[in-house]
């Protein structure tokens, strides 16, 4: 199938509640879960801006699709943190993709050679096809829970998926809760961001993780907003031939043009600052706390502005705005859900 056909299948994907098998096959074929994976591991090895722009383009096609490509590629951040053999085992397969959670809602009991892990983690997007799950746990040593947090990688066949994702949008992201009970995790299959254990990393992997995540999720919001503006333009054009609505449609067209211009300014704002930071990073300059805080504030502001763009238009779109099966309603719900991620909310 052609990747552009994803745009025509948004309702089908939402109703299914997951990505269809042929869409997953397309992702594997085009290495869309491996945008920041080394070529030796079967990846595309893109630079940061190239990958972030792919996230936006995929989200224009469909919010669920873009979100899952972004989340799947986000797991590439862990590539340098695992020893060479474990890294190759996890990331080399054609269908390799990580799902998981950064929230430490599990316990890892320290024993010789590794940990016994038990816990439950919410919002693990892509849980229905992940080959590996990652999860953060508090370490328990000799019966005493410590403040130390360890990140664990666990093969999918040892993880229970609870199928409990019930959000208003991004319904097909399979962002389910996962659970493990007394699973053995060898020491070599644990990891920590920032600790390098192999040579498969690139400049992308050493870019500050918080800014990387903010840029990733914001690019999804931008893509969904772009899709919303496209769909709104189609609806306005369809109704502009109705003589009884001429004056009203003229006002909506003017508002749409304003918001399209506003959107392009927001897009430029993200990529301008991200490019500046990326160039500094590649030149070996460490980004300051103040710069990272500036990026975080900007990301939250732009995400809020994307929601405001959609809200300014939605009430002018008639029953399409409130009909769940309409494209514009589905896109609006996806945007609201994506912009609610903790990296983008105040």
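What follows draws every value from the coordinates through simple rules; no lab data is involved. It should be emphasised that the depicted structure is a prediction, and the values quoted were computed from it without experimental measurement. Reconstructed Cβ throughout: ideal geometry from the backbone, glycine too, with neighbour counts over all protein chains shown.
Take each peptide in 287-295, 25-33, count the other Cβ atoms within 10 Å of every residue, and average; sorted highest first, the result is 25-33, 287-295. Counting other Cβ atoms within 10 Å as a rough exposure proxy, the listed residues 278, 332, 184, 121 run 184, 278, 121, 332 from fewest neighbours to most. In the chain, the calculated helix contribution to ellipticity at 222 nm averages -15500 deg cm²/dmol per residue, counting -39,500 (n - 2.57) for every DSSP H run with n ≥ 4.
Taking only Cα atoms, what is the 0 to 90° angle, nearest 10, from helix 289-314's long axis to the longest principal axis of the chain? Orientation of helix 289-314: about 40 degrees from the principal axis. Between helix 63-74 and the chain there is an angle of about 30 degrees, using the helix long axis and the longest principal axis of the Cα atoms.
In this simple spin-label model, placing a label point 7 Å from the Cα along the Cα-to-Cβ direction at both residue 30 and residue 120 gives a separation of 3.7 nm. Of all DSSP beta bridges confined to the range 97-191, the antiparallel ones make up roughly 75%. Label point 7 Å out from residue 304 along Cα-to-Cβ: which residues of the range 268-297 have amide N under 14 Å? Residues passing the 14 Å test: 296-297. When peptides 83-96, 63-76 are ranked by their average number of other Cβ atoms within 10 Å per residue, the highest-first order is 63-76, 83-96. In the Gaussian network model of the chain, springs joining C-alpha atoms below 10 Å, which of 212, 138, 36 carries the largest mean-square fluctuation? Evaluated over the chain, the most mobile residue of the options is 138. Could you work out the percent of alpha carbon pairs in the range 3-79 separated by over 16 Å, rounded to a whole number? Pairs farther apart than 16 Å: 46 percent. Counting other Cβ atoms within 10 Å as a rough exposure proxy, the listed residues 344, 218 run 344, 218 from fewest neighbours to most.
Ordering 221, 124, 152, 15 from the fewest to the most neighbouring beta carbons within 10 Å gives 15, 152, 124, 221. Taking 0.36 nm per residue of sequence separation and removing the Cα-Cα distance, the residue 103/residue 288 pair yields an extension gain of 64.1 nm. Size of the range 20-150: Rg and Dmax of its alpha carbons, in Å, are 16.3, 51. Evaluate E = 1/(1 + (r/R0)^6) for residue 168 and residue 312, where r is the Cβ-Cβ distance and R0 equals 25 Å; express this FRET efficiency to the nearest 0.05. Result of the calculation: an efficiency of 0.80. Annotation: the antiparallel percentage among DSSP beta bridges lying fully within the chain is about 75.
Placing a pseudo-label 7 Å from each Cα along the Cα-to-Cβ vector at residue 83 and residue 199 gives an inter-label distance of 1.8 nm.
Using only alpha-carbon positions in the range 200-346, the gyration tensor eigenvalues give semi-axes of 36, 15, 12 Å once each is multiplied by 5 and square-rooted (largest first). Can you give me the angle between helix 246-282 and the longest principal axis of the chain, using Cα atoms only, in degrees from 0 to 90, rounded to the nearest 10? The angle comes out near 30 degrees.
Given the choices [x] 1.12; [y] 1.05; [z] 0.95, Cα Rg over 2.2 N^0.38 Å derived from the coordinates of this structure is entry [y].
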